[in-house]
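Visitor: The structure that follows is given in the form of structure tokens.
Each reported figure results from applying straightforward, stated rules to the coordinates on display, with no laboratory input. Fair warning: this is a prediction, and the values are worked out from it, not measured in the lab. Cβ: placed from backbone, ideal geometry, glycine included. Neighbour counts: every protein chain shown.
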């Protein structure tokens, strides 16, 4: 679900997966405008036990193949008995989504005793043109005096 915040051209993808975690794609949505991932938050309602749960955020360009946005295989990791995640860095080339791209939240692996209640939020900043963030104050665009 996207939520516009204070007219700042930001949106939040809010994904909640109730019940026991299981591997596979849990959420898929089409991105309605050109934007960049600016932050990711994830937590669990109840921690899993034994092993790690690894959750991924994928970008699928229109007509293309799905690929992780993270730089390493650890992605979003929940260690045993942890409800707070550790995160891999996001690849610069994968954090910009074009209108029509799909975003997926996918669980790659689970704990032996599955976690319960995965919650992932992805914050987007709208972009109007390549490498231009929208909603800049005009004075921020002027050269320094």
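Visitor: At 7 Å along the Cα-to-beta-carbon direction for both residue 102 and residue 73, put a label point, then send me their distance in nm to one decimal.
Guide: 2.5 nm
Visitor: Calculate the FRET efficiency for residue 66 and residue 46 from the Cβ-Cβ distance with a Förster distance of 30 Å, rounded to the nearest 0.05.
Guide: Calculated transfer efficiency: 0.60.
Visitor: Sort 47-58, 82-93 for me by packing, meaning the mean count of neighbouring Cβ atoms within 10 Å per residue, highest on top.
Guide: The densest-packed peptide leads the list: 47-58, 82-93.
Visitor: Okay, moving on. For the pair residue 109/residue 87, report the inter-label distance in nm, with labels modelled 7 Å from Cα in the Cβ direction.
Guide: 2.2 nm
Visitor: Return the ratio Rg/(2.2 N^0.38 Å) for region 10-128, where Rg is computed over Cα atoms only.
Guide: Compared with the compact-globule rule of thumb, region 10-128 sits at 1.02.
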